[in-house]
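What follows is a single structure, written as structure tokens, with notes after it.
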Amino acid sequence: MRIVMIGSGYVGLVSGACLADFGHHVTCVDKSAAKIDALEAGQVPIFEPGLDAIIEHNRTSGRLDFSKDLASPVAEADVVFIAVGTPSRRGDGHADLSYVYAAAREIAAAVSGFTVIVTKSTVPVGTGDEIERIFRDEFPEKDIAVVSNPEFLREGAAITDFKRPDRIVIGTEEPRAVEVMREVYRPLYLNEAPLYFCERRTSELIKYAANAFLAMKITFINEIADLCEQLGADVQKVAKGIGMDKRIGDKFLHAGPGYGGSCFPKDTLALVKTAQDHDSPVRLIETTVAINDNRKRAMGRKVIAACDGNVRGKKIAILGLTFKPNTDDMRDAPSITIIQALLDGGAKVHAFDPEGMEMAKEVIGPITYGKDPYDIADGADAIVIVTEWDEFRALDFKRLKSMVRTPVVVDLRNVYPVAEVTKHGFSYFAVGKKNEKK
Ligand code: UDX
């Protein structure tokens, strides 16, 4: 099967590489000449565990190649995936579909023979209809089917998510497209991953509803965490206790500084806008978005409160900048807002992140970067864990205690049992637990 992936960003590269690994021939296309040149030279432009090895293996064995030119690979393709960006449109929060429609027009001009066009990008309900209309009106002689096949890849775990998915959602009612999509995902039958076929509009909505539900679940436990702090309860134990109920489930119940990343913030907002446009508001999601936005700033205030209400002139050591571990992605990372709140309060912020510092330099104000946690903790008035990278899970608190100016740890990811930190003489402020002030 010959597959073309339009867009060699995060989703396109991971999906393209994994499909090549399954034995298909895949060409990843991108308009950025620099990106394609780098990929052809064996350099992977994003950080995702395991991706380099899969790209290298399939590139050298000839199943995966890269191209700046869309027309020639598309002319040969059985399936063309659209995996271009759908950022939030400035001003109104709707998904910006200009890249998707531009790609669709270019594909339309190039396809020959029956070809399945698949939207992998997260697109609002009705986008597949619009792509179909472009073909019908502008390229009526072309024989195509437009299919929705949303991705559910978590950054940092994307390879496993692609190869061992809970389900693969495929939105099409065209029998020839159903057969082609079965063939694309045939290798996954071995893993018994269910293919879930439904109408295209339903499939498009499944993606938004799934992300909105998960964002809501996180936001729910974050509010319960705040309540725990007031009531003297422990949110991790509450999460465990409710998660044991199979109707609730134990995933996505980690309280923290609020969700960030490339998907939840933009997709929840786009769903809110679509729902408002159709006079069918999703009020739970509207509230989720508002609570999450406020929470990031509130986490800044939490750090300030831990420093006796004043950070002016104080040195704050921030451990972790990316929106979650195992990625270099800074998009909508809570660290951005938290650090801004601290800078506004007059703090001197020093930060370390294993992968995110390059990208952070573009989005965060004037702060100092260090080379490891101990480098930035020297003389600090508070150590703040913002992202739960594994390397922050076994900090040497004895050593840290000897270096800091004021022994305060604010753990916004609940990485540590309280006693493990307090026994070294630190005050410990976690999320959704009783504060331990020394
Ligand atoms: C998400 C979806 O999980 C994925 O299916 C979709 O296709 C893309 O968006 P991703 O953004 O990579 O993936 O990360 P995810 O692991 O879902 O975390 C999103 C945010 O929620 C992060 O900021 C994370 O720290 C936060 N989170 C997650 C919590 O605060 N608590 C949790 O229990 C889980």
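No value in this document is a laboratory result; all are computed from the given coordinates. These numbers were taken from a predicted model, which means no experiment stands behind them. Quick reminder, even Gly has a Cβ in these numbers, built from the backbone with ideal geometry, and neighbours come from all protein chains shown.
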Query raised in the report: Highest GNM mean-square fluctuation, the chain, Cα pairs closer than 10 Å: which of LYS217, LYS251, LYS296?
Result: LYS251
**Report entry** Difference of contour (0.36 nm per residue) and Cα-Cα distance, ARG176 to ALA41
**Finding:** 44.9 nm
Query - Relative contact order of the chain, defined on C-alpha pairs under 8 angstrom at six or more residues apart (%) - result: 12 percent
**Report entry** Fluctuation leader among THR387, THR172, THR287 - the chain, Gaussian network, Cα springs under 10 angstrom
**Finding:** THR287
Query - D_trans [Stokes-Einstein, Kirkwood Rh over alpha-carbon pairs] for the range 49-185, 4 °C, 1.567 mPa s, µm² s⁻¹ - result: 79 µm²/s
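Taking the Cβ of GLU192 as the center, what net charge do the other residues with Cβ under 14 Å away carry, scoring Lys and Arg +1 and Asp and Glu -1?
+3
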Report task. Could you grab the relative contact order for the range 122-192? Cα pairs under 8 Å, six or more apart, rounded to a whole percent. Result -> 27 percent
Report summary line: FRET efficiency for GLU436 and ASP69 from the Cβ-Cβ distance with R0 = 60 Å, rounded to 0.05, comes out at 0.50
Report summary line: The ratio Rg/Rh over the Cα atoms of the range 287-408, Rh being the Kirkwood inverse mean 1/r radius, stands at 0.95
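Taking 0.36 nm per intervening residue step and subtracting the Cα-Cα distance, what contour gain separates THR60 from ARG136 on full extension?
Length gained, THR60 through ARG136: 23.4 nm.
Sort the following peptides by mean Cβ neighbour count (other Cβ atoms within 10 Å, averaged over residues), highest first: 400-408, 257-265, 358-366.
Per-residue mean Cβ counts within 10 Å order the peptides as 257-265, 400-408, 358-366.
What is the Cα radius of gyration of the range 199-438 over 2.2 N^0.38 Å, N being its residue count?
1.04
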Query - Distance from the range 279-299 to the range 414-430 (C-alpha centre basis), Å - result: 31 Å
Report summary line: Summing -39500 (n - 2.57) over every DSSP H run of at least 4 in the chain, dividing by its residue total and rounding to the nearest 500, the 222 nm mean residue ellipticity is -13500 deg cm²/dmol
Query raised in the report: For ALA209 and LYS398, what is the calculated FRET efficiency with R₀ set at 41 Å and r taken between the beta-carbons, to the nearest 0.05?
Result: 0.30
Query raised in the report: Helix by helix, which DSSP H runs in the chain go 30 Å or more along their axis at the Cα atoms and have an average Kyte-Doolittle hydropathy of -1.0 or more?
Result: 200-231, 283-306
Query raised in the report: Given springs between every Cα pair under 10 Å in a Gaussian network model of the chain, which of PRO150, PRO373, PRO49 has the largest fluctuation?
Result: PRO49
Query raised in the report: Taking the Cα centre of each part, how many Å lie between the range 1-79 and the range 354-403?
Result: 35 Å
Query raised in the report: Taking the alpha-carbon centroid of each part, what is the distance from the range 211-228 to the range 156-173 in angstrom?
Result: 24 Å
Report summary line: Quick note on ILE339, ILE285, ordering by fewest other C-beta atoms within 10 Å, gives ILE285, ILE339
**Report entry** Over 35 Å [Cα-Cα, the chain], rounded percent
**Finding:** 36 percent
**Report entry** Taking the range 199-438 and dividing mean pair separation by its residue count, relative contact order in percent (alpha carbons under 8 Å, at least six apart)
**Finding:** 20 percent
Query - the chain, dipole about Cα centre (Lys/Arg Cβ +1, Asp/Glu Cβ -1), debye to the nearest 20 - result: 1820 debye
